[in-house]
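One structure is given here, and the rest of the page talks about it.
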């Protein structure tokens, strides 16, 4: 009898060890998957904060129309690399459309109704731009958003945007809508201090990030763009940033 009990105990122990081994193996795999990219998921709508949301592929259906409309904007107000107040030339090329445009020079950062290079008003904001911005804002919970400024950033290989806050606008109650087109990039979405930890979000063509309310003044930026080629934008990444500036 004691021999049979010992045999049964040994079998039970082996089964327990197998079960425990399988459990640990699954736990390790789950943990590794979690830390491969802890700040990013591929869900269509990813909540980044109480007032911030990532809308995956939200602009993809309109991507070709947006880039086509951008050609008319750039024909009137070509891309340029602006000068910072400290006298440095920005690596990212920029232009604007809408009633107000964001500008930078040695006198500071500000919004202006006039393109400082042409001395003419900025091109009108294309209707597809405005529709996308208002729809994305509404999807993120910000109804009745009506942007009066669209800053267009063109990223080439190696260009980046350092962590910063958008605080040149008059009304912080309105959200920011940021649209990614073309080549992918790593978007940094930080806290309320420059040194705060930042989420690292892999943005692809058509992704839209909206932030406002309690998240309106969070630091954000873009890591250096990696080499690539998109069928609609070639070697570039295009970012449309919509704001209510006036």
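The values are calculated or read from the model by the stated rules, or taken from the named source; none is laboratory data. As the structure is a prediction and not an experimental result, all values here were calculated from the model. Positions of Cβ are generated from backbone atoms using ideal geometry, with glycine treated the same way; all protein chains shown enter the neighbour counts.
Restricting attention to region 106-121, does a residue exist that is surrounded by 13 or more Cβ atoms within 10 Å (Cβ to Cβ) and closer than 20 Å to residue 61 by Cβ?
Within region 106-121, not a single residue is surrounded by 13 or more Cβ atoms within 10 Å (Cβ to Cβ) and closer than 20 Å to residue 61 by Cβ.
Take residue 110 and tell me if it is in the same structural domain as residue 167 (by TED's automatic domain parsing) and in a strand (DSSP E or B). Working first, answer last.
Details: in the same structural domain as residue 167 (by TED's automatic domain parsing): yes; in a strand (DSSP E or B): yes.
For residue 110, the condition - in the same structural domain as residue 167 (by TED's automatic domain parsing) and in a strand (DSSP E or B) - is met.
From the list 69, 93, exactly one residue is in the same structural domain as residue 236 (by TED's automatic domain parsing), within 22 Å of the chain's Cα centre (by Cα) and within 22 Å of residue 159 (Cα to Cα). Which is it?
Details: 69 fails: within 22 Å of residue 159 (Cα to Cα).
Residue meeting the stated conditions: 93.
Give the residue, chosen from 232, 240, that is over 17 Å from the mean Cα position of the chain (by Cα) and closer than 23 Å to residue 44 by Cα.
Only one candidate qualifies: 232.
Which of (1) under 23 Å from residue 225 (Cα atoms); (2) in a loop (DSSP other than H, G, I, E, B); (3) out of contact with any strand residue (DSSP E or B) (no Cβ under 7 Å at 6 or more places or on another chain) is the odd one out, the single condition residue 119 does not satisfy?
Among (1) under 23 Å from residue 225 (Cα atoms); (2) in a loop (DSSP other than H, G, I, E, B); (3) out of contact with any strand residue (DSSP E or B) (no Cβ under 7 Å at 6 or more places or on another chain), the lone unmet condition for residue 119 is (1).
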